[in-house]
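The values are calculated or read from the model by the stated rules, or taken from the named source; none is laboratory data. Everything numeric in this text was worked out from a predicted model, so none of it was measured. Reconstructed Cβ throughout: ideal geometry from the backbone, glycine too, with neighbour counts over all protein chains shown. Calculation scope for accessible area: heavy atoms of the full protein, side chains included, ligands and nucleic acids excluded. Shrake-Rupley method; radii C 1.70, N 1.55, O 1.52, S 1.80 Å.
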Amino acid sequence: MNLTLKVWRQTNIKDKGQFVTYQANDIADDMSFLEMLDIVNDDLTRKGEDPIYFDHDCREGICGMCSLVINGRPHGPEYGTTTCQLHMRSFHDGQTIVIEPWRAAAFPVLKDLAVDRTSFERIQQAGGYVNVNTGGVPDANSIPIPKRIADEAFESATCIGCGACVAACKNASAMLFVSAKISQFALLPQGQTERYERAQSMVDQMDAEGFGNCTNTGACEAECPVGIKMTNIARMNREYFTAKLFREEDVHN
């Protein structure tokens, strides 16, 4: 198939940026979206032009780095799919495809389609961990956990931190991401030691990074490639308000 690409090009964080049109010809429908971009970049390189800059790593839908807004949707038109798992059979011959980076003040554009998502890392560092005693490995059944709780904690932990929730939200809210990282520990006995401090620290860091608030439109859940549920946001709010009411921690010390 032959496609017209309108790609966001931006030299650096200070550059204004603009859309540039390219042609992608003889694209096989069994190619992945990133393979298609690789072919376009090969052609640009042969012409002596600067290739399109985009993030990628595992290309298996695990790491979340392949973060692109494709025709207005984070990760493209397929539900539950990352950009690297998106195949060109989802498009048709002669189609125009608009490719943009994540749009959020907390995700400044580094170059072209790559954004700085270290704000997520700082939120994780603020409280996304548990303290455990080192030493021998304990028996697996030493802390019994009901299967329903374990499954729910695991589902929260599957968040890959790609930022699609932020890109989909009209307020650029990161609450789905933060709530998933809080929930995976709040549900388990191992996470109770830092329970109150975690909720306050991570929410405070989220606000400090400049993410917006949640207005429950559900776009985050709809575009999440791994299906993180908005029920996590309700749990995060409960954890945060409980900490404020009953055991407020001085998270700045």
Legend entry - Failed item, numbered, when C58 is tested on (1) farther than 24 Å from E221 by Cα; (2) open to solvent by 20 Å² or more (accessible area, probe 1.4 Å): (1)
Legend entry - Residue list for region 184-200, filter: of a type in the set (A, V, I, L, M, F, W, C) and part of a loop (DSSP other than H, G, I, E, B): L187, L188
Legend entry - Which listed residue, of E223, E155, is in contact (Cβ under 8 Å) with a residue 40 or more places away in the chain and in contact with a helix residue (DSSP H, G or I) (Cβ under 7 Å, 6 or more places away or on another chain): E223
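The rows are residues; the columns are (1) touching a helix residue (DSSP H, G or I) at 6+ places or on another chain (Cβ under 6 Å); (2) assigned to a loop (DSSP other than H, G, I, E, B); (3) open to solvent by less than 40 Å² (accessible area, probe 1.4 Å).
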{"residue": "C84", "(1), (2), (3)": "yes, no, yes"}
{"residue": "V98", "(1), (2), (3)": "no, no, no"}
{"residue": "A104", "(1), (2), (3)": "yes, yes, yes"}
{"residue": "S119", "(1), (2), (3)": "yes, no, yes"}
{"residue": "T134", "(1), (2), (3)": "no, yes, no"}
{"residue": "I145", "(1), (2), (3)": "no, yes, no"}
{"residue": "I149", "(1), (2), (3)": "no, no, yes"}
{"residue": "I160", "(1), (2), (3)": "no, yes, yes"}
Inset, instruction - Collect the residues in region 23-39 that are open to solvent by 50 Å² or more (accessible area, probe 1.4 Å) and either of a type in the set (A, V, I, L, M) or in contact (Cβ under 8 Å) with a residue 60 or more places away in the chain (or both), keeping them in residue-number order. - result: D29, I39
Legend entry - Sole exception among (1) outside any helix (DSSP H, G or I); (2) acidic (D, E); (3) out of contact with any strand residue (DSSP E or B) (no Cβ under 9 Å at 6 or more places or on another chain) for D93, by number: (3)
Inset, instruction - Quick one: count up the residues across region 5-14 that are without any contact (Cβ under 8 Å) to a residue 12 or more places away in the chain and either of a type outside the set (K, R) or on the phi > 0 side of the Ramachandran plot (or both). - result: 0
Legend entry - Single match in G48, G94, G61 (criterion: under 23 Å from the mean Cα position of the chain (by Cα) and not aromatic (F, W, Y)): G61
